[in-house]
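The structure under discussion appears below in the form of C-alpha coordinates.
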Amino acid sequence: MSENRKTMSSRSQSLIAGGLISAAGLFLSKFIGLFYMSPYSIILGGAGSENLANYGLGYNIYAYLLMIATAGFPFAIATLVAKYASRGDYKTVLLIKRLSSRLMIALGFTTMIIVILFSSPLAKLMMGDGNSDISVTRNVLIIISFALFFVPFLSSIRGFYQGMKEMQVYAISQIIEQLVRVGFLLATSAFAVYVLKLDRVWGVYLGLAAASISAIVAYLHLKYHDRTKLRELKHLAAKQECVPNKDKAELIKELIFITVPFLLVSVFGYSDMIVNTLFMKSGLLAHGNTFQEYTTITGIINSNVSKIINIPQILAPGFSSAIIPHITIALEENNLKLIRKNIRDCIDIVLYIGIPVCFCLFLFSKGIYGVLYPAGGKQAMDILNLGADITAWFSLEALFSTIAPIITSLMMALRLRRVGLRNLLIFAVCKVGSSYFFLKWLGYPGLVVSSALGYTLLISLNIYALTKQYHVQWVYTLRKLAFIVLGLGGMAAIATLFNLFGINGYGGSWVTNFAELAVVGLCSVLVYFGITYCFQLPQLLLHIDLTAMISKRKRG
(Lines give C-alpha, C1' and ligand atoms only; values in the text may rest on other atoms or scores of the structure.)
Protein backbone atom coordinates (compact mmCIF):
# COMPACT_ATOMS: atom_id res chain seq x y z
CA MET A 1 0.00 0.00 0.00
CA SER A 2 2.81 2.42 0.78
CA GLU A 3 4.24 1.76 -2.68
CA ASN A 4 0.89 2.64 -4.22
CA ARG A 5 0.75 5.88 -2.30
CA LYS A 6 4.22 6.77 -3.40
CA THR A 7 3.26 6.15 -7.03
CA MET A 8 0.26 8.46 -6.77
CA SER A 9 2.10 11.18 -4.88
CA SER A 10 5.13 11.25 -7.13
CA ARG A 11 3.30 13.49 -9.57
CA SER A 12 1.69 15.78 -7.03
CA GLN A 13 2.73 19.38 -6.48
CA SER A 14 3.20 21.39 -3.33
CA LEU A 15 0.41 23.68 -2.25
CA ILE A 16 2.07 26.73 -3.81
CA ALA A 17 3.00 24.93 -7.02
CA GLY A 18 -0.49 23.51 -7.39
CA GLY A 19 -2.07 26.88 -6.69
CA LEU A 20 0.17 28.63 -9.20
CA ILE A 21 -0.52 26.03 -11.89
CA SER A 22 -4.25 26.30 -11.33
CA ALA A 23 -4.10 30.10 -11.23
CA ALA A 24 -1.98 30.15 -14.40
CA GLY A 25 -4.59 28.11 -16.24
CA LEU A 26 -7.36 30.37 -15.02
CA PHE A 27 -5.28 33.42 -15.90
CA LEU A 28 -4.84 32.28 -19.49
CA SER A 29 -8.55 31.55 -19.79
CA LYS A 30 -9.46 34.97 -18.35
CA PHE A 31 -6.79 36.64 -20.50
CA ILE A 32 -8.47 35.17 -23.56
CA GLY A 33 -11.80 36.43 -22.25
CA LEU A 34 -10.48 39.97 -21.86
CA PHE A 35 -9.94 40.58 -25.54
CA TYR A 36 -13.08 39.16 -27.08
CA MET A 37 -15.30 41.89 -25.61
CA SER A 38 -13.94 44.61 -27.88
CA PRO A 39 -15.03 43.00 -31.19
CA TYR A 40 -18.06 41.42 -29.53
CA SER A 41 -19.32 44.77 -28.22
CA ILE A 42 -19.12 46.14 -31.80
CA ILE A 43 -21.26 43.22 -33.01
CA LEU A 44 -23.81 43.98 -30.29
CA GLY A 45 -23.96 47.69 -31.12
CA GLY A 46 -21.08 49.31 -29.24
CA ALA A 47 -20.38 50.51 -25.71
CA GLY A 48 -23.50 51.61 -23.88
CA SER A 49 -25.89 49.59 -26.07
CA GLU A 50 -28.82 47.74 -24.52
CA ASN A 51 -27.66 44.47 -26.11
CA LEU A 52 -24.30 44.73 -24.36
CA ALA A 53 -26.06 45.47 -21.08
CA ASN A 54 -28.37 42.45 -21.60
CA TYR A 55 -25.40 40.18 -22.26
CA GLY A 56 -23.58 41.44 -19.16
CA LEU A 57 -26.71 41.08 -17.06
CA GLY A 58 -27.37 37.55 -18.26
CA TYR A 59 -23.77 36.44 -17.88
CA ASN A 60 -23.52 37.83 -14.34
CA ILE A 61 -26.63 35.90 -13.31
CA TYR A 62 -25.24 32.80 -15.00
CA ALA A 63 -21.91 33.23 -13.19
CA TYR A 64 -23.65 33.55 -9.82
CA LEU A 65 -25.97 30.56 -10.34
CA LEU A 66 -23.03 28.58 -11.68
CA MET A 67 -20.98 29.27 -8.55
CA ILE A 68 -23.87 28.01 -6.44
CA ALA A 69 -24.33 24.92 -8.60
CA THR A 70 -20.65 23.98 -8.83
CA ALA A 71 -18.95 25.22 -5.65
CA GLY A 72 -20.40 22.58 -3.33
CA PHE A 73 -20.00 19.19 -4.95
CA PRO A 74 -16.66 19.72 -6.74
CA PHE A 75 -14.97 20.77 -3.50
CA ALA A 76 -16.62 17.90 -1.64
CA ILE A 77 -15.49 15.50 -4.36
CA ALA A 78 -11.94 16.84 -4.15
CA THR A 79 -11.98 16.49 -0.36
CA LEU A 80 -13.17 12.88 -0.40
CA VAL A 81 -10.89 11.86 -3.26
CA ALA A 82 -7.88 13.32 -1.44
CA LYS A 83 -8.98 11.67 1.82
CA TYR A 84 -9.34 8.14 0.45
CA ALA A 85 -6.37 8.41 -1.94
CA SER A 86 -4.16 9.34 1.02
CA ARG A 87 -5.34 6.12 2.73
CA GLY A 88 -4.58 4.04 -0.36
CA ASP A 89 -8.30 3.19 -0.84
CA TYR A 90 -8.48 3.59 -4.62
CA LYS A 91 -11.60 1.43 -4.99
CA THR A 92 -13.50 4.02 -2.99
CA VAL A 93 -11.95 6.81 -5.07
CA LEU A 94 -13.37 5.20 -8.23
CA LEU A 95 -16.75 4.78 -6.56
CA ILE A 96 -16.77 8.45 -5.54
CA LYS A 97 -16.13 9.43 -9.14
CA ARG A 98 -19.09 7.43 -10.41
CA LEU A 99 -21.47 8.62 -7.68
CA SER A 100 -20.46 12.27 -8.00
CA SER A 101 -21.03 12.31 -11.76
CA ARG A 102 -24.57 11.01 -11.35
CA LEU A 103 -25.34 13.44 -8.54
CA MET A 104 -24.07 16.43 -10.53
CA ILE A 105 -26.17 15.44 -13.54
CA ALA A 106 -29.23 15.45 -11.27
CA LEU A 107 -28.26 18.79 -9.72
CA GLY A 108 -27.60 20.40 -13.10
CA PHE A 109 -30.91 19.20 -14.52
CA THR A 110 -32.81 20.47 -11.46
CA THR A 111 -31.11 23.88 -11.64
CA MET A 112 -31.90 24.18 -15.35
CA ILE A 113 -35.60 23.40 -14.85
CA ILE A 114 -35.91 25.87 -11.95
CA VAL A 115 -34.37 28.71 -13.96
CA ILE A 116 -36.62 27.97 -16.95
CA LEU A 117 -39.78 27.85 -14.80
CA PHE A 118 -38.96 31.10 -12.99
CA SER A 119 -37.50 32.97 -15.99
CA SER A 120 -40.53 35.27 -16.39
CA PRO A 121 -40.80 36.35 -12.72
CA LEU A 122 -37.04 36.90 -12.54
CA ALA A 123 -37.12 39.01 -15.71
CA LYS A 124 -39.90 41.17 -14.28
CA LEU A 125 -38.04 41.55 -10.99
CA MET A 126 -34.89 42.76 -12.76
CA MET A 127 -36.44 44.94 -15.45
CA GLY A 128 -39.73 46.10 -13.90
CA ASP A 129 -43.28 45.56 -15.19
CA GLY A 130 -44.04 47.01 -18.58
CA ASN A 131 -40.41 47.16 -19.68
CA SER A 132 -39.90 46.09 -23.29
CA ASP A 133 -36.71 44.24 -22.33
CA ILE A 134 -38.58 41.66 -20.24
CA SER A 135 -38.93 39.20 -23.14
CA VAL A 136 -35.23 39.54 -24.00
CA THR A 137 -34.21 39.02 -20.37
CA ARG A 138 -36.48 35.97 -20.15
CA ASN A 139 -34.88 34.49 -23.27
CA VAL A 140 -31.44 35.22 -21.83
CA LEU A 141 -32.28 33.32 -18.65
CA ILE A 142 -33.63 30.33 -20.57
CA ILE A 143 -30.50 30.11 -22.75
CA ILE A 144 -28.07 30.26 -19.85
CA SER A 145 -30.10 27.63 -17.97
CA PHE A 146 -28.83 24.97 -20.41
CA ALA A 147 -25.24 25.80 -19.43
CA LEU A 148 -26.27 25.15 -15.83
CA PHE A 149 -27.00 21.56 -16.85
CA PHE A 150 -23.68 20.86 -18.58
CA VAL A 151 -21.21 22.81 -16.44
CA PRO A 152 -21.91 21.16 -13.03
CA PHE A 153 -21.26 17.74 -14.55
CA LEU A 154 -18.01 19.08 -16.01
CA SER A 155 -17.09 20.49 -12.60
CA SER A 156 -17.56 17.11 -10.92
CA ILE A 157 -14.84 15.64 -13.14
CA ARG A 158 -12.60 18.64 -12.42
CA GLY A 159 -13.19 18.07 -8.72
CA PHE A 160 -11.90 14.52 -9.11
CA TYR A 161 -8.65 15.70 -10.72
CA GLN A 162 -8.37 18.45 -8.13
CA GLY A 163 -8.53 15.85 -5.36
CA MET A 164 -5.83 13.82 -7.12
CA LYS A 165 -3.64 16.98 -7.26
CA GLU A 166 -3.61 16.78 -11.07
CA MET A 167 -3.72 20.56 -11.39
CA GLN A 168 -2.30 20.57 -14.93
CA VAL A 169 -5.37 18.73 -16.19
CA TYR A 170 -7.60 21.10 -14.21
CA ALA A 171 -5.88 24.16 -15.70
CA ILE A 172 -5.82 22.92 -19.32
CA SER A 173 -9.52 22.13 -19.09
CA GLN A 174 -10.22 25.75 -18.14
CA ILE A 175 -8.21 27.05 -21.10
CA ILE A 176 -9.92 24.75 -23.61
CA GLU A 177 -13.35 25.76 -22.33
CA GLN A 178 -12.57 29.46 -22.70
CA LEU A 179 -11.00 29.11 -26.16
CA VAL A 180 -14.05 27.27 -27.48
CA ARG A 181 -16.46 29.71 -25.83
CA VAL A 182 -14.80 32.80 -27.27
CA GLY A 183 -14.33 31.26 -30.71
CA PHE A 184 -17.94 30.10 -30.94
CA LEU A 185 -19.25 33.38 -29.52
CA LEU A 186 -17.45 35.62 -32.02
CA ALA A 187 -17.92 33.40 -35.08
CA THR A 188 -21.62 32.67 -34.70
CA SER A 189 -22.69 36.13 -33.53
CA ALA A 190 -20.79 37.82 -36.40
CA PHE A 191 -22.31 35.36 -38.90
CA ALA A 192 -25.83 35.97 -37.56
CA VAL A 193 -25.56 39.78 -37.56
CA TYR A 194 -23.43 40.49 -40.65
CA VAL A 195 -24.21 37.56 -42.96
CA LEU A 196 -27.77 36.55 -42.04
CA LYS A 197 -28.68 40.19 -41.20
CA LEU A 198 -30.50 39.17 -38.02
CA ASP A 199 -31.23 41.56 -35.17
CA ARG A 200 -28.20 42.20 -32.95
CA VAL A 201 -29.99 40.60 -30.00
CA TRP A 202 -29.18 37.26 -31.65
CA GLY A 203 -25.56 38.06 -30.91
CA VAL A 204 -26.52 38.14 -27.23
CA TYR A 205 -28.32 34.80 -27.46
CA LEU A 206 -25.50 33.05 -29.31
CA GLY A 207 -22.89 34.56 -26.98
CA LEU A 208 -24.65 33.03 -23.99
CA ALA A 209 -25.23 29.72 -25.78
CA ALA A 210 -21.44 29.50 -26.21
CA ALA A 211 -21.15 28.61 -22.50
CA SER A 212 -22.98 25.32 -23.11
CA ILE A 213 -21.01 24.45 -26.24
CA SER A 214 -17.65 25.10 -24.57
CA ALA A 215 -18.62 23.02 -21.52
CA ILE A 216 -19.40 20.05 -23.75
CA VAL A 217 -16.03 20.31 -25.54
CA ALA A 218 -14.14 20.65 -22.22
CA TYR A 219 -15.99 17.58 -20.93
CA LEU A 220 -14.88 15.55 -23.97
CA HIS A 221 -11.27 16.60 -23.28
CA LEU A 222 -11.48 15.35 -19.70
CA LYS A 223 -13.10 12.09 -20.80
CA TYR A 224 -10.16 11.55 -23.14
CA HIS A 225 -7.76 12.10 -20.21
CA ASP A 226 -9.85 9.70 -18.10
CA ARG A 227 -8.68 6.75 -20.16
CA THR A 228 -5.14 6.96 -18.79
CA LYS A 229 -6.02 8.05 -15.26
CA LEU A 230 -8.73 5.49 -14.66
CA ARG A 231 -6.52 2.69 -15.99
CA GLU A 232 -3.85 3.69 -13.45
CA LEU A 233 -6.37 3.88 -10.61
CA LYS A 234 -7.90 0.52 -11.47
CA HIS A 235 -4.43 -1.04 -11.46
CA LEU A 236 -3.73 0.42 -7.99
CA ALA A 237 -7.19 -0.59 -6.75
CA ALA A 238 -6.55 -4.19 -7.78
CA LYS A 239 -3.42 -4.27 -5.60
CA GLN A 240 -4.69 -2.31 -2.58
CA GLU A 241 -4.54 -3.98 0.83
CA CYS A 242 -6.98 -1.86 2.85
CA VAL A 243 -10.71 -2.64 3.02
CA PRO A 244 -12.65 -0.30 0.69
CA ASN A 245 -15.68 1.70 1.76
CA LYS A 246 -18.42 0.18 -0.39
CA ASP A 247 -21.37 1.80 1.39
CA LYS A 248 -22.85 4.10 -1.27
CA ALA A 249 -25.36 5.61 1.14
CA GLU A 250 -22.56 6.52 3.56
CA LEU A 251 -20.47 8.10 0.79
CA ILE A 252 -23.44 10.11 -0.50
CA LYS A 253 -24.15 11.25 3.04
CA GLU A 254 -20.51 12.27 3.43
CA LEU A 255 -20.62 14.12 0.10
CA ILE A 256 -23.73 16.02 1.12
CA PHE A 257 -22.34 16.77 4.57
CA ILE A 258 -19.29 18.42 3.00
CA THR A 259 -21.23 19.95 0.09
CA VAL A 260 -23.83 21.93 2.02
CA PRO A 261 -21.34 24.26 3.73
CA PHE A 262 -19.52 24.91 0.44
CA LEU A 263 -22.88 25.47 -1.27
CA LEU A 264 -23.87 28.03 1.36
CA VAL A 265 -20.43 29.62 1.01
CA SER A 266 -21.25 30.32 -2.65
CA VAL A 267 -24.71 31.66 -1.88
CA PHE A 268 -23.43 34.11 0.74
CA GLY A 269 -19.82 34.60 -0.35
CA TYR A 270 -20.66 35.70 -3.88
CA SER A 271 -23.90 37.44 -2.93
CA ASP A 272 -22.35 40.81 -3.80
CA MET A 273 -22.68 39.92 -7.50
CA ILE A 274 -26.42 39.31 -7.37
CA VAL A 275 -27.00 42.13 -4.87
CA ASN A 276 -25.24 44.57 -7.20
CA THR A 277 -27.45 43.40 -10.07
CA LEU A 278 -30.68 43.72 -8.06
CA PHE A 279 -29.99 47.16 -6.56
CA MET A 280 -28.07 48.77 -9.43
CA LYS A 281 -31.02 50.27 -11.30
CA SER A 282 -33.00 51.61 -8.33
CA GLY A 283 -29.87 52.90 -6.58
CA LEU A 284 -28.43 54.76 -9.58
CA LEU A 285 -31.76 56.30 -10.52
CA ALA A 286 -32.21 57.43 -6.90
CA HIS A 287 -28.72 58.93 -7.04
CA GLY A 288 -29.83 61.09 -9.98
CA ASN A 289 -28.50 59.13 -12.96
CA THR A 290 -30.69 58.96 -16.05
CA PHE A 291 -31.86 55.63 -17.48
CA GLN A 292 -29.34 55.97 -20.33
CA GLU A 293 -26.54 56.59 -17.81
CA TYR A 294 -27.68 53.52 -15.86
CA THR A 295 -27.57 51.44 -19.05
CA THR A 296 -24.08 52.70 -19.90
CA ILE A 297 -22.69 52.18 -16.39
CA THR A 298 -24.25 48.71 -16.12
CA GLY A 299 -22.84 47.70 -19.50
CA ILE A 300 -19.35 48.91 -18.57
CA ILE A 301 -19.37 47.14 -15.19
CA ASN A 302 -20.95 43.86 -16.25
CA SER A 303 -19.34 43.42 -19.66
CA ASN A 304 -15.95 45.13 -19.32
CA VAL A 305 -14.79 45.96 -15.80
CA SER A 306 -15.96 42.63 -14.38
CA LYS A 307 -13.55 40.90 -16.76
CA ILE A 308 -10.68 43.25 -15.91
CA ILE A 309 -10.98 42.62 -12.17
CA ASN A 310 -11.11 38.89 -12.88
CA ILE A 311 -7.34 39.07 -13.47
CA PRO A 312 -6.39 39.13 -9.77
CA GLN A 313 -9.51 37.23 -8.73
CA ILE A 314 -8.24 34.08 -10.45
CA LEU A 315 -5.88 33.61 -7.50
CA ALA A 316 -8.89 32.79 -5.33
CA PRO A 317 -10.24 29.78 -7.26
CA GLY A 318 -6.69 28.81 -8.23
CA PHE A 319 -5.45 28.45 -4.68
CA SER A 320 -8.82 27.33 -3.35
CA SER A 321 -8.57 24.38 -5.73
CA ALA A 322 -5.07 23.57 -4.48
CA ILE A 323 -5.92 24.01 -0.79
CA ILE A 324 -8.41 21.16 -0.47
CA PRO A 325 -6.22 18.06 -0.99
CA HIS A 326 -3.25 19.45 0.99
CA ILE A 327 -5.31 20.57 3.97
CA THR A 328 -7.30 17.33 3.92
CA ILE A 329 -4.15 15.20 4.06
CA ALA A 330 -2.60 17.39 6.81
CA LEU A 331 -5.79 17.00 8.89
CA GLU A 332 -5.84 13.24 8.28
CA GLU A 333 -2.28 13.09 9.63
CA ASN A 334 -3.11 15.55 12.46
CA ASN A 335 -0.03 17.56 11.44
CA LEU A 336 -0.75 20.94 13.07
CA LYS A 337 2.64 22.38 12.09
CA LEU A 338 1.96 21.63 8.42
CA ILE A 339 -1.55 23.05 8.70
CA ARG A 340 -0.22 26.35 10.05
CA LYS A 341 2.44 26.43 7.33
CA ASN A 342 -0.17 25.82 4.61
CA ILE A 343 -2.34 28.62 5.98
CA ARG A 344 0.49 31.15 6.03
CA ASP A 345 1.95 30.07 2.66
CA CYS A 346 -1.41 30.32 0.95
CA ILE A 347 -2.27 33.78 2.29
CA ASP A 348 1.27 35.14 1.86
CA ILE A 349 1.54 34.16 -1.81
CA VAL A 350 -1.91 35.58 -2.62
CA LEU A 351 -1.02 38.87 -0.94
CA TYR A 352 2.34 39.02 -2.73
CA ILE A 353 0.82 38.52 -6.19
CA GLY A 354 -2.70 39.88 -5.73
CA ILE A 355 -1.96 43.26 -4.14
CA PRO A 356 0.40 44.58 -6.86
CA VAL A 357 -1.91 43.32 -9.64
CA CYS A 358 -4.86 45.21 -8.10
CA PHE A 359 -2.64 48.25 -7.60
CA CYS A 360 -1.72 48.13 -11.30
CA LEU A 361 -5.43 48.20 -12.17
CA PHE A 362 -5.71 51.36 -10.07
CA LEU A 363 -2.53 53.03 -11.36
CA PHE A 364 -3.13 52.32 -15.05
CA SER A 365 -6.93 52.17 -15.12
CA LYS A 366 -7.27 54.62 -18.01
CA GLY A 367 -4.63 52.96 -20.15
CA ILE A 368 -5.89 49.45 -19.42
CA TYR A 369 -9.50 50.27 -20.16
CA GLY A 370 -8.66 52.20 -23.32
CA VAL A 371 -6.44 49.44 -24.74
CA LEU A 372 -8.85 46.61 -23.93
CA TYR A 373 -12.05 48.41 -24.90
CA PRO A 374 -11.31 51.15 -27.43
CA ALA A 375 -14.34 53.29 -28.26
CA GLY A 376 -14.99 55.41 -31.33
CA GLY A 377 -17.26 58.35 -32.08
CA LYS A 378 -17.91 61.65 -30.38
CA GLN A 379 -18.44 60.11 -26.96
CA ALA A 380 -15.21 58.08 -27.02
CA MET A 381 -13.40 60.21 -24.43
CA ASP A 382 -16.45 60.30 -22.13
CA ILE A 383 -16.74 56.50 -22.28
CA LEU A 384 -12.99 56.14 -21.67
CA ASN A 385 -13.04 58.44 -18.63
CA LEU A 386 -16.10 56.71 -17.19
CA GLY A 387 -14.68 53.22 -17.81
CA ALA A 388 -11.32 54.23 -16.30
CA ASP A 389 -12.94 55.67 -13.19
CA ILE A 390 -15.09 52.58 -12.69
CA THR A 391 -12.01 50.37 -13.17
CA ALA A 392 -10.05 52.37 -10.59
CA TRP A 393 -12.85 52.04 -8.05
CA PHE A 394 -13.39 48.35 -8.71
CA SER A 395 -9.68 47.61 -8.30
CA LEU A 396 -10.41 47.87 -4.55
CA GLU A 397 -13.23 45.34 -4.87
CA ALA A 398 -10.87 43.13 -6.87
CA LEU A 399 -8.43 43.15 -3.95
CA PHE A 400 -11.02 42.22 -1.34
CA SER A 401 -12.73 39.63 -3.54
CA THR A 402 -9.35 37.98 -4.15
CA ILE A 403 -8.32 37.69 -0.50
CA ALA A 404 -11.67 36.92 1.17
CA PRO A 405 -12.52 33.72 -0.78
CA ILE A 406 -9.07 32.28 -0.06
CA ILE A 407 -9.52 32.72 3.69
CA THR A 408 -13.09 31.40 3.47
CA SER A 409 -11.84 28.30 1.64
CA LEU A 410 -9.31 27.77 4.40
CA MET A 411 -12.10 27.98 6.97
CA MET A 412 -14.12 25.35 5.11
CA ALA A 413 -11.17 23.03 4.55
CA LEU A 414 -10.06 23.34 8.19
CA ARG A 415 -13.47 22.22 9.51
CA LEU A 416 -14.45 25.66 10.79
CA ARG A 417 -17.53 25.55 8.59
CA ARG A 418 -20.11 26.68 11.09
CA VAL A 419 -18.09 29.76 12.07
CA GLY A 420 -17.23 30.45 8.43
CA LEU A 421 -20.88 30.29 7.37
CA ARG A 422 -21.90 32.56 10.23
CA ASN A 423 -19.31 35.11 9.13
CA LEU A 424 -20.47 34.86 5.50
CA LEU A 425 -24.04 35.44 6.58
CA ILE A 426 -22.91 38.59 8.41
CA PHE A 427 -21.14 39.69 5.20
CA ALA A 428 -24.27 39.06 3.10
CA VAL A 429 -26.51 40.97 5.54
CA CYS A 430 -24.04 43.87 5.54
CA LYS A 431 -23.94 43.90 1.73
CA VAL A 432 -27.72 43.74 1.30
CA GLY A 433 -28.33 46.33 3.99
CA SER A 434 -25.84 48.89 2.73
CA SER A 435 -25.84 48.59 -1.08
CA TYR A 436 -28.88 50.74 -1.87
CA PHE A 437 -27.86 53.38 0.68
CA PHE A 438 -24.35 53.77 -0.73
CA LEU A 439 -25.58 53.63 -4.35
CA LYS A 440 -28.06 56.40 -3.66
CA TRP A 441 -25.43 58.46 -1.83
CA LEU A 442 -22.30 57.89 -3.94
CA GLY A 443 -23.48 56.42 -7.24
CA TYR A 444 -21.59 53.44 -8.68
CA PRO A 445 -18.65 53.85 -6.19
CA GLY A 446 -21.23 52.90 -3.55
CA LEU A 447 -21.12 49.32 -4.81
CA VAL A 448 -17.42 49.14 -3.98
CA VAL A 449 -17.77 50.88 -0.61
CA SER A 450 -20.54 48.52 0.53
CA SER A 451 -18.51 45.48 -0.59
CA ALA A 452 -15.34 46.77 1.09
CA LEU A 453 -17.12 47.20 4.41
CA GLY A 454 -18.59 43.70 4.25
CA TYR A 455 -15.32 42.07 3.15
CA THR A 456 -13.32 43.84 5.87
CA LEU A 457 -15.69 42.46 8.49
CA LEU A 458 -15.60 38.98 6.94
CA ILE A 459 -11.80 38.81 6.69
CA SER A 460 -11.33 40.10 10.25
CA LEU A 461 -13.72 37.54 11.74
CA ASN A 462 -12.19 34.64 9.79
CA ILE A 463 -8.61 35.60 10.67
CA TYR A 464 -9.62 35.74 14.33
CA ALA A 465 -11.17 32.25 14.08
CA LEU A 466 -8.09 30.75 12.41
CA THR A 467 -5.80 32.34 14.99
CA LYS A 468 -7.89 31.09 17.90
CA GLN A 469 -8.34 27.52 16.61
CA TYR A 470 -4.91 26.78 15.12
CA HIS A 471 -2.72 29.33 16.93
CA VAL A 472 -1.41 30.82 13.68
CA GLN A 473 1.26 33.48 14.19
CA TRP A 474 0.87 36.40 11.77
CA VAL A 475 4.02 38.34 12.66
CA TYR A 476 5.94 37.29 9.55
CA THR A 477 2.90 37.82 7.32
CA LEU A 478 2.58 41.40 8.57
CA ARG A 479 6.29 41.89 8.00
CA LYS A 480 5.97 40.65 4.43
CA LEU A 481 2.96 42.93 3.96
CA ALA A 482 5.08 45.93 4.99
CA PHE A 483 7.68 45.02 2.34
CA ILE A 484 4.89 44.62 -0.22
CA VAL A 485 3.72 48.16 0.56
CA LEU A 486 7.26 49.43 -0.03
CA GLY A 487 7.18 47.70 -3.41
CA LEU A 488 3.89 49.44 -4.22
CA GLY A 489 5.54 52.77 -3.42
CA GLY A 490 8.20 51.98 -6.01
CA MET A 491 5.52 51.14 -8.58
CA ALA A 492 3.72 54.43 -7.94
CA ALA A 493 6.99 56.37 -8.23
CA ILE A 494 7.82 54.80 -11.62
CA ALA A 495 4.29 55.42 -12.93
CA THR A 496 4.51 59.07 -11.84
CA LEU A 497 7.92 59.48 -13.48
CA PHE A 498 6.71 58.07 -16.80
CA ASN A 499 3.59 60.23 -16.63
CA LEU A 500 5.75 63.36 -16.36
CA PHE A 501 7.15 62.48 -19.78
CA GLY A 502 3.68 61.82 -21.20
CA ILE A 503 4.04 58.01 -21.23
CA ASN A 504 0.77 56.86 -19.71
CA GLY A 505 -0.94 54.46 -22.14
CA TYR A 506 -3.69 56.72 -23.43
CA GLY A 507 -4.18 59.73 -25.68
CA GLY A 508 -2.57 58.27 -28.81
CA SER A 509 -3.29 55.55 -31.32
CA TRP A 510 -4.13 52.05 -30.09
CA VAL A 511 -0.66 50.76 -31.02
CA THR A 512 1.06 53.65 -29.23
CA ASN A 513 -1.14 53.26 -26.16
CA PHE A 514 -0.48 49.53 -26.01
CA ALA A 515 3.29 50.02 -26.33
CA GLU A 516 3.38 52.73 -23.64
CA LEU A 517 1.21 50.68 -21.30
CA ALA A 518 3.43 47.63 -21.81
CA VAL A 519 6.61 49.61 -21.09
CA VAL A 520 5.41 51.45 -18.00
CA GLY A 521 3.63 48.34 -16.69
CA LEU A 522 6.68 46.13 -17.13
CA CYS A 523 8.98 48.69 -15.50
CA SER A 524 6.60 49.02 -12.54
CA VAL A 525 6.45 45.25 -12.05
CA LEU A 526 10.24 44.96 -12.27
CA VAL A 527 10.66 47.70 -9.66
CA TYR A 528 8.18 45.90 -7.38
CA PHE A 529 10.03 42.63 -7.87
CA GLY A 530 13.40 44.29 -7.30
CA ILE A 531 12.37 45.98 -4.05
CA THR A 532 10.73 42.87 -2.64
CA TYR A 533 13.67 40.74 -3.82
CA CYS A 534 15.94 42.82 -1.60
CA PHE A 535 13.75 41.71 1.31
CA GLN A 536 13.82 38.02 0.25
CA LEU A 537 10.10 37.75 -0.57
CA PRO A 538 10.32 36.03 -3.99
CA GLN A 539 12.97 33.70 -2.60
CA LEU A 540 10.75 32.67 0.32
CA LEU A 541 7.38 32.58 -1.43
CA LEU A 542 8.15 31.60 -5.02
CA HIS A 543 11.51 29.91 -4.43
CA ILE A 544 13.09 32.24 -6.99
CA ASP A 545 16.78 32.79 -6.26
CA LEU A 546 18.43 34.70 -9.10
CA THR A 547 21.91 34.38 -7.58
CA ALA A 548 21.66 30.60 -7.44
CA MET A 549 20.22 30.47 -10.95
CA ILE A 550 23.05 32.58 -12.37
CA SER A 551 25.70 30.53 -10.53
CA LYS A 552 24.18 27.29 -11.80
CA ARG A 553 24.14 28.61 -15.36
CA LYS A 554 27.81 29.65 -15.14
CA ARG A 555 28.80 26.23 -13.85
CA GLY A 556 26.82 24.64 -16.67
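The values are calculated or read from the model by the stated rules, or taken from the named source; none is laboratory data. All of these numbers come straight from a predicted model, not from anything done at the bench. Side chains are part of the model used for accessible areas, which takes the heavy atoms of the whole protein and leaves out ligands, DNA and RNA. Shrake-Rupley method; radii C 1.70, N 1.55, O 1.52, S 1.80 Å.
Which entries in the list 97/239; 248/337; 97/229 go over 23 Å, if you measure between the two C-alpha atoms of each? Pairs exceeding 23 Å: 248/337. Rg over Rh for region 402-545 works out to 1.09, using Cα positions for both radii and the Kirkwood form for Rh. Each residue of region 135-151 was assigned a 3J(HN,Hα) from its phi angle through the Karplus expression (A = 6.51, B = -1.76, C = 1.60, θ = phi - 60°), giving 5, 5, 5, 4, 4, 4, 5, 5, 5, 6, 5, 5, 5, 6, 7, 7, 5 Hz with x at Gly and Pro.
Rounded to the nearest 10 square angstrom, residue 216 shows an accessible area of 60 square angstrom against a 1.4 Å probe.
Cross-linked pairs 307/440; 253/307; 223/431: Cα-Cα separations exceed 29 Å for 253/307; 223/431. Put simply, region 358-473 fits an ellipsoid with semi-axes of 35, 17, 9 Å; these come from the alpha carbon gyration tensor as the roots of five times its eigenvalues, largest first. Set against the 2.2 N^0.38 Å expectation for a compact globular protein, region 436-509 has a Cα radius of gyration ratio of 1.70. Karplus-based coupling profile of region 393-406, in residue order and whole Hz: 5, 6, 4, 5, 5, 4, 5, 5, 6, 8, 7, 4, x, 4, with θ = phi - 60° in 6.51 cos²θ - 1.76 cosθ + 1.60 and x standing for Gly or Pro. Taking only the C-alpha atoms of region 394-457, Rg followed by Dmax gives 12.7, 40 Å.
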